[in-house]
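Starting off with a structure, shown below.
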Ligand SMILES: CCN(CC)CCN(C[C@]12C[C@](c3ccc(C(F)(F)F)cc3)(C1)C2)C(=O)Cn1c(SCc2ccc(F)cc2)nc(=O)c2c1C=CC2
């Protein structure tokens with residue numbers, strides 16, 4: 001689809017010195033494998049094109065399920081509203097090796113999927129990071145897919161009609177959709193199980209990148225034009241962070257607890273509900289909570305505060321005029337009215353908000369990954385020193401507990 005949307009809307013281009021490439025990786029083909037979109041610094045190439053923001057229509061169907069709205073109607077609306085948007089990155093562009101890149105593993109929120117945080121992931125890649133935005137198979141994503149082996153009969157009659165969905169002769173694509181809470185089902189057991197699976201999937205993605213970095217050939221199930229051997233020795237595996245939005249923020253904390261290779265975590269509007277209380281004392285790494293103004297309530301904030309520590313750096317800022325959806329890409333893709341109506345936009349200009357969040361993130365990553373860049377110029381943002389920032393939270397726990 002050509003980019004038919006008016007050019008005042010769209011995902012803002014990354015600001016860093018590197019052009020950004022992106023590609024998809026899945027291995028192995030089952031739902032137990034790892035699946036992520038990789039964003040990385042790429043060579044300037046005019047021939048590569050930018051991929052569609054939403055990779056296939058099934059994601060819109062899943063989004064409709066998540067939003068509890070009718071599929072056919074909404075799929076047409078979403079396709080019309082959001083179909084033509086492009087990601088600010090070049091599909092399968094050649095990797096630009098410039099020393100070892102620090103690594104970020106990104107975890108999406110409930111009802112989201114791997115491509116919806118491209119403004120954040122592309123910005124990090126433009127600043128020299130390799131970012132793997134995982135797509136979770138815990139049924140918290142709007143939709144995701146994997147493959148199964150063809151049965152003998154399918155193989156037999158497969159000889160005639162080549163199904164368009166099988167990337168290889170003997171695999172068939174299977175879609176997994178968002179699993180809503182069943183009526184009367186208690187939420188915690190489901191979310192607790194999901195957050196553990198999500199953390200394992202982030203660790204698996206890191207393990208896969210580690211293999212690729214050591215030159216072990218990557219058997220990517222998805223037939224992409226990207227040459228994974230160019231990533232050999234490209235990653236600095238002492239400089240790894242976890243990052244995520246909402247349910248993905250809880251996933252960050254669970255992942256830090258399970259895997260010490262994650263040197264620090266950045267949680268964007270973390271949803272703390274899925275976490276067990278005994279996880280908190282077991283997390284030893286620095287954590288940066290970047291919160292929106294509206295997604296704040298006593299129970300959630302008080303659980304973040306359980307991670308306060310005198311010896312491990314734990315920081316929290318609130319961005320004025322932001323809402324929960326100020327972090328995913330949707331916030332850039334509708335006009336002001338629709339955006340505010342659908343709670344996709346807050347009062348603040350979405351680009352100003354994401355720029356503050358990204359700069360504060362880069363400063364925190366420099367501090368705790370020991371980077372030798374100039375991101376420390378944004379250190380004051382970590383302590384909320386900006387007109388659009390509040391240090392800590394904007395609610396007093398007493399007031400909001402009423
Ligand atoms: C009634 C549905 N009910 C489900 C439990 C609540 C639905 N909901 C509020 C929504 C997401 C909303 C949204 C999206 C997308 C459009 C669109 F039109 F732009 F597509 C519009 C309107 C509907 C705002 C949330 O769940 C908020 N939320 C999220 S939203 C992450 C997300 C999902 C889909 C996206 F496309 C982009 C981002 N991630 C979390 O981890 C958590 C929560 C709450 C607690 C934990």
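With the condition kept exactly as written, say whether any residue in segment 97-111 is on the phi < 0 side of the Ramachandran plot, in a strand (DSSP E or B), modelled with pLDDT of 95 or more and within 16 Å of the ligand (Cβ to nearest atom).
There is at least one residue in segment 97-111 that is on the phi < 0 side of the Ramachandran plot, in a strand (DSSP E or B), modelled with pLDDT of 95 or more and within 16 Å of the ligand (Cβ to nearest atom).
Continuing with this model, one more query. Can you tell me which residues in segment 236-263 are surrounded by 24 or more Cβ atoms within 10 Å (Cβ to Cβ), away from the ligand (no atom under 13 Å from the Cβ) and under 20 Å from residue 101 (Cβ atoms)?
241, 242, 243, 255, 262
Between 389, 362, which is more than 14 Å from the ligand (Cβ to nearest atom) and touching a strand residue (DSSP E or B) at 6+ places or on another chain (Cβ under 8 Å)?
Step by step, each of 389, 362 is checked, and only 389 is more than 14 Å from the ligand (Cβ to nearest atom) and touching a strand residue (DSSP E or B) at 6+ places or on another chain (Cβ under 8 Å).
Answer yes or no: is there a residue in segment 227-235 that is under 22 Å from residue 96 (Cβ atoms) and part of a strand (DSSP E or B).
For segment 227-235, residues under 22 Å from residue 96 (Cβ atoms) and part of a strand (DSSP E or B): present.
Would you mind finding the one in 276, 269 that is surrounded by fewer than 21 Cβ atoms within 10 Å (Cβ to Cβ) and either touching a helix residue (DSSP H, G or I) at 6+ places or on another chain (Cβ under 8 Å) or touching a residue at least 24 places away in the same chain (Cβ under 8 Å) (or both)?
Answer to the selection: 276.
A follow-up question, please. Do the conditions hold for residue 45, that is, is it touching a strand residue (DSSP E or B) at 6+ places or on another chain (Cβ under 8 Å), at pLDDT below 95 and surrounded by fewer than 16 Cβ atoms within 10 Å (Cβ to Cβ)?
Yes.
Here's a follow-up. Do you know which residues across segment 112-136 are touching a helix residue (DSSP H, G or I) at 6+ places or on another chain (Cβ under 7 Å) and either closer than 17 Å to residue 29 by Cα or within 16 Å of the ligand (Cβ to nearest atom) (or both)?
113, 116, 117, 118, 119, 120, 133, 134, 136
Condition first: without any contact (Cβ under 8 Å) to a residue 12 or more places away in the chain and in a helix (DSSP H, G or I). Now tell me which residues in segment 339-381 satisfy that.
Across segment 339-381, the qualifying residues are 339, 340, 341, 366, 380.
Okay, next question. So, in segment 203-221, how many residues would count as being loosely packed, with under 15 Cβ neighbours inside 10 Å and more than 27 Å from residue 266 (Cα to Cα)?
4
While we're looking at this one, here's another question. Out of segment 48-70, which residues are over 22 Å from the mean Cα position of the chain (by Cα) and surrounded by 15 or more Cβ atoms within 10 Å (Cβ to Cβ)?
48, the sole residue that qualifies.
The values are calculated or read from the model by the stated rules, or taken from the named source; none is laboratory data. Every value quoted in this text rests on a predicted model; they were computed, and no experiment measured them. Backbone-built Cβ (ideal geometry, glycine too); neighbour counts: all protein chains shown.
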